[in-house]
């Protein structure tokens, strides 16, 4: 079962900005045009509640966003102007990741069961499930502040919501954005129930990189083969942590022509990356949630192509 979570309201007006929120509706249109999805396949989420956001973020930080009292210094760190419309747009995308996780787990729309798992006619295992979110992946947001275009840490909120609701006990994060997931690492530091894995360019934002459960620091201009070799070696360790669900941040900013990246992956290399991740989680019958994370190619069409390929590879691997 695949769920495609999306809202046209993801196209947030940020003013002149390197973050192309136009990629979201363009990706939606590309999936429909390429016959990978019908318009009826998309589900619009509700915005994450302030209570759910409070499972990760401090009351002081959320209060500043609600009241419009964030200082200019804090806005500069966030690299966004938190107008009410911008705040609501990011709340909506946070709710989108929560909904995609519920789809992946069969909570929003129960998956079918398949045949016997081990010869016991009374035991059934859930269908391998895929939750697709055409948004999210804001891994720089910490508990008490936002930074690097990331207002709320949607993956962290989704994990905390699912744990509160006793839907999961353990989770793993596979972060393949070009930038280290510093906010995610900080939020889950010391939490052995969440395995955080980040593979990123070493000499790139953020300057301070708190340790994840596993970090792989890649050299500048690392190519397809270097990248895939490191990823294939790391995935068994990530999945050996015993997660009930995997969150995949499928960043497009590792692309060789990305404005904010410094790696040298080709589009075909990125497809191979996606296949590795999806095959690894499917082999273990784990539900996986896909978020887009970064993507700032010179031509937005390239970013859209990369994200569309991720969706296609997920659907193909899970036989959707």
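As for the stretch 173-187, it holds no residue that is in contact with a helix residue (DSSP H, G or I) (Cβ under 9 Å, 6 or more places away or on another chain), more than 17 Å from residue 262 (Cβ to Cβ) and surrounded by fewer than 16 Cβ atoms within 10 Å (Cβ to Cβ). Taken over the stretch 1-30, the criterion of being touching a residue at least 40 places away in the same chain (Cβ under 8 Å), in a helix (DSSP H, G or I) and over 17 Å from the mean Cα position of the chain (by Cα) is satisfied by 9, 26, 30.
Please tell me if residue 144 is over 30 Å from residue 279 (Cα atoms), more than 19 Å from the chain's Cα centre (by Cα) and at pLDDT 95 or above. The answer is yes for residue 144.
Got at least one residue in the stretch 49-66 being assigned to a helix (DSSP H, G or I), touching a residue at least 60 places away in the same chain (Cβ under 8 Å), farther than 17 Å from residue 151 by Cα and touching a helix residue (DSSP H, G or I) at 6+ places or on another chain (Cβ under 6 Å)? I'd like the intermediate steps shown before the answer.
Our first condition is that a residue be assigned to a helix (DSSP H, G or I); within the stretch 49-66, this holds for 50-53, 59-66.
Checking the rest, the ones that are also touching a residue at least 60 places away in the same chain (Cβ under 8 Å) come to 52-53, 60-61, 65.
Going one step further and asking which of them are farther than 17 Å from residue 151 by Cα, we end up with none.
No - not one qualifying residue is present in the stretch 49-66.
Just checking, does the stretch 71-91 include any residue being assigned to a helix (DSSP H, G or I), without any contact (Cβ under 8 Å) to a residue 12 or more places away in the chain and within 25 Å of residue 161 (Cβ to Cβ)? So far as the stretch 71-91 goes, no, none of its residues is assigned to a helix (DSSP H, G or I), without any contact (Cβ under 8 Å) to a residue 12 or more places away in the chain and within 25 Å of residue 161 (Cβ to Cβ).
For the stretch 12-21, state whether one or more residues are surrounded by fewer than 19 Cβ atoms within 10 Å (Cβ to Cβ), touching a helix residue (DSSP H, G or I) at 6+ places or on another chain (Cβ under 8 Å) and over 25 Å from residue 258 (Cα atoms). Within the stretch 12-21, none of the residues are surrounded by fewer than 19 Cβ atoms within 10 Å (Cβ to Cβ), touching a helix residue (DSSP H, G or I) at 6+ places or on another chain (Cβ under 8 Å) and over 25 Å from residue 258 (Cα atoms). Residues in the stretch 131-148 that are more than 19 Å from residue 5 (Cα to Cα) and in contact with a strand residue (DSSP E or B) (Cβ under 8 Å, 6 or more places away or on another chain): 140, 141.
Checking the condition more than 23 Å from residue 155 (Cβ to Cβ) and either surrounded by fewer than 18 Cβ atoms within 10 Å (Cβ to Cβ) or modelled with pLDDT under 95 (or both), which residue from 33, 46, 3, 59 passes? Result: 33 is the single residue among 33, 46, 3, 59 that is more than 23 Å from residue 155 (Cβ to Cβ) and either surrounded by fewer than 18 Cβ atoms within 10 Å (Cβ to Cβ) or modelled with pLDDT under 95 (or both).
Take the residues of the stretch 250-292 that are assigned to a loop (DSSP other than H, G, I, E, B) and free of Cβ contacts under 8 Å to residues at least 60 places away in the same chain: which is nearest to the chain's Cα centre (by Cα)?
If we take residues in the stretch 250-292 being assigned to a loop (DSSP other than H, G, I, E, B) and free of Cβ contacts under 8 Å to residues at least 60 places away in the same chain, then 252 is nearest to the chain's Cα centre (by Cα).
Residue 203 meets each of the listed conditions (1) modelled with pLDDT of 95 or more; (2) over 27 Å from residue 271 (Cβ atoms) apart from (2). Going by what's in this entry, would residue 295 be described as within 16 Å of the chain's Cα centre (by Cα), closer than 18 Å to residue 137 by Cβ and in a helix (DSSP H, G or I)? No, not satisfied.
Taking the listed residues 193, 232, the one that is in contact with a helix residue (DSSP H, G or I) (Cβ under 8 Å, 6 or more places away or on another chain), surrounded by fewer than 23 Cβ atoms within 10 Å (Cβ to Cβ) and either within 17 Å of residue 155 (Cβ to Cβ) or without any contact (Cβ under 8 Å) to a residue 24 or more places away in the chain (or both) is 193, with no other qualifying. Would you tally the residues in the stretch 235-249 being in a loop (DSSP other than H, G, I, E, B) and in contact (Cβ under 8 Å) with a residue 60 or more places away in the chain? Number satisfying all stated conditions: 4. Can you pull out every residue in the stretch 196-217 that is surrounded by fewer than 22 Cβ atoms within 10 Å (Cβ to Cβ) and not in a loop (DSSP other than H, G, I, E, B)? Result: 214, 215, 216, 217. In the set (1) out of contact with any strand residue (DSSP E or B) (no Cβ under 7 Å at 6 or more places or on another chain); (2) more than 23 Å from residue 183 (Cβ to Cβ); (3) crowded, with 18+ Cβ neighbours inside 10 Å, residue 294 fails one condition alone, (2).
The values are calculated or read from the model by the stated rules, or taken from the named source; none is laboratory data. Everything quoted here is computed from the prediction, not taken from an experiment. Reconstructed Cβ throughout: ideal geometry from the backbone, glycine too, with neighbour counts over all protein chains shown.
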